[in-house]
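The values are calculated or read from the model by the stated rules, or taken from the named source; none is laboratory data. Not measured: the values here are computed from a predicted model. Every residue, glycine among them, receives a Cβ derived from its backbone with ideal geometry; neighbour counts consider all protein chains shown.
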Amino acid sequence: MAVVVANMIGTGVFTSLGYQLLDIRSGFVLILLWIVGGVTALCGALTYAELGSALPRSGGEYNFLSAIYHPSAGFVSGWVSATIGFAAPTALAAITFGRYLTAVFPGLSATWLAAGLVVVLTAIHASTRRNSGGVQRAFTLLKVLLILSFCGCAWILVVNPQPDVRFLPGPGDLALTLSGGFAVALIFVNYAYTGWNAATYLTSELENAETTLSGVLVRGTLIVMVLYVLLNFTFLYSAPMSEMTGQLEIGYIAAGHVFGPTGAMIMGVVLAALLISTVSAMIMAGPRVLQVIGEDFNAFRLLARTNVHDVPAIAIIVQSLVTLVFIFTASFESILVFAGFTLGVNTFFTVLGVFVLRRRRPDLARPYRVPLYPLPPLVFLAITGWTLTYILRDRPEEGWTGLAIIGSGAVFYAITIWIGRFRTATG
């Protein structure tokens with residue numbers, strides 16, 4: 001559950017409000033965004049819980065899509081996870097960590113702070129499971145406590161909430177909710193909820209995974225949904241929309257209105273510390289996908305190697321190297337939209353797989369079944385499909401680049417299979 005919560009609470013909730021305010025200035029609609037995103041994530045988590053109980057193996061979407069559709073579908077999903085799924089979000093969280101610290105200490109380099117954090121956490125997670133798990137639990141608990149403390153202090157210390165924010169529905173809110181701006185803003189929100197599926201990447205390392213996975217996914221998602229709504233309400237309650245519009249350091253700006261300049265500096269450091277658990281969780285979970293790819297494809301067998309503590313150290317290092325490439329070469333917003341779209345496609349077809357699996361393998365043991373089936377997967381597919389369509393229309397560069405990455409995975413799969421057959425034929 002610590003991995004789920006830490007994966008979800010990271011870059012998105014501390015940065016995306018500034019981008020949402022470019023098109024939406026209604027407090028009601030902005031809070032509705034986070035509720036809709038939470039319901040979507042919860043529907044996805046319920047569906048993944050059934051898939052995880054029926055197909056209990058680490059690897060997340062790679063494992064599910066390989067078993068449901070074809071090994072090629074799983075390979076493409078693993079390719080996406082390896083190139084974008086974890087490396088890009090890890091880079092975003094690390095960049096945000098650096099940006100918050102440089103807001104307090106302008107003389108430092110955000111890029112090198114981000115890279116340094118990735119290197120240190122890679123060394124920890126590539127050592128032992130005890131070190132890895134201990135760091136993850138400690139920073140996740142700290143994160144939840146600090147978020148609740150920040151919200152409570154803001155409600156007490158802010159005497160006059162922002163007058164230009166209304167949290168009840170008003171004229172024009174319905175049209176705004178059905179607009180393309182809402183759909184594009186929702187991709188930022190859905191990105192912030194990315195990580196509700198994190199436990200499925202570690203399924204093989206859970207005790208009694210068939211029965212415990214569902215509780216981990218659902219409870220973790222509900223906790224994050226409540227925290228997200230509280231946190232965004234607090235941001236809008238404390239700071240003027242005009243100051244946050246288009247800005248990345250939303251938490252730092254809001255803290256300035258709650259605690260004053262000195263308090264804002266302290267909170268900038270605190271908010272940066274919150275992101276350590278996010279980077280840590282992604283460095284911990286993501287390489288398990290590379291590990292199972294190495295187990296299934298001979299061309300990548302090096303990624304399956306573990307150290308004396310049974311930790312996939314090589315896979316961890318490879319993912320971190322890709323993360324460092326993102327940190328040094330790409331802009332924040334382009335990574336965010338690009339990664340959000342591509343991950344949305346990945347989860348869309350995985351959730352769709354619950355219908356395929358029930359039809360193709362009705363006798364498969366399912367210790368957990370989606371409640372109110374088929375409503376939760378249908379809700380997830382409808383909302384996710386809507387946002388993906390609008391991204392292709394309004395942000396075609398990021399959308400088509402994401403599809404190109406998916407296509408390149410299919411090409412690479414074909415090459416890998418050809419190499420394997422050639423080696424077999426030549427002895």
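Quick notes
- Looking only at region 55-74, residues that are in a helix (DSSP H, G or I) and touching an Asp or Glu at 6+ places or on another chain (Cβ under 8 Å) come to 3 in all.
- Among the conditions (1) more than 20 Å from the chain's Cα centre (by Cα); (2) in a helix (DSSP H, G or I); (3) of a type in the set (Gly, Ala, Ser), Ala365 misses just one, which is (2).
- Selected residue [outside any loop (DSSP other than H, G, I, E, B) and either in contact with a Phe, Trp or Tyr (Cβ under 8 Å, 6 or more places away or on another chain) or closer than 23 Å to Phe326 by Cα (or both)] from Pro89, Pro106: Pro89
- Of all residues in region 177-195 being of a type in the set (Val, Ile, Thr) and assigned to a helix (DSSP H, G or I), the one that is farthest from Val279 (Cα to Cα): Thr177
- Qualifying positions in region 167-182 - among the aliphatic types (A, V, I, L, M) and either free of Cβ contacts under 8 Å to residues at least 24 places away in the same chain or within 21 Å of Val224 (Cα to Cα) (or both): Leu174, Ala175, Leu178
- Qualifying positions in region 297-327 - part of a helix (DSSP H, G or I) and more than 21 Å from Val279 (Cβ to Cβ): Asn298, Ala299, Phe300, Arg301, Leu302, Ala304
- Residue among Ala73, Ala45, Ala94 that alone is buried (at least 24 other Cβ atoms within 10 Å of the Cβ) and over 20 Å from Gly251 (Cα atoms): Ala45
- Checking the stated criteria, Leu174 turns out not to satisfy the condition of being under 16 Å from the mean Cα position of the chain (by Cα), at pLDDT 80 or above and either in a helix (DSSP H, G or I) or within 24 Å of Met284 (Cβ to Cβ) (or both).
- Of residues in region 146-164 being over 21 Å from Ala272 (Cβ atoms) and polar (S, T, N, Q), the one surrounded by the fewest Cβ atoms within 10 Å (Cβ to Cβ): Asn160
- Residue tally, condition hydrophobic (A, V, I, L, M, F, W, C) and touching a Ser or Thr at 6+ places or on another chain (Cβ under 6 Å), over region 160-175: 0
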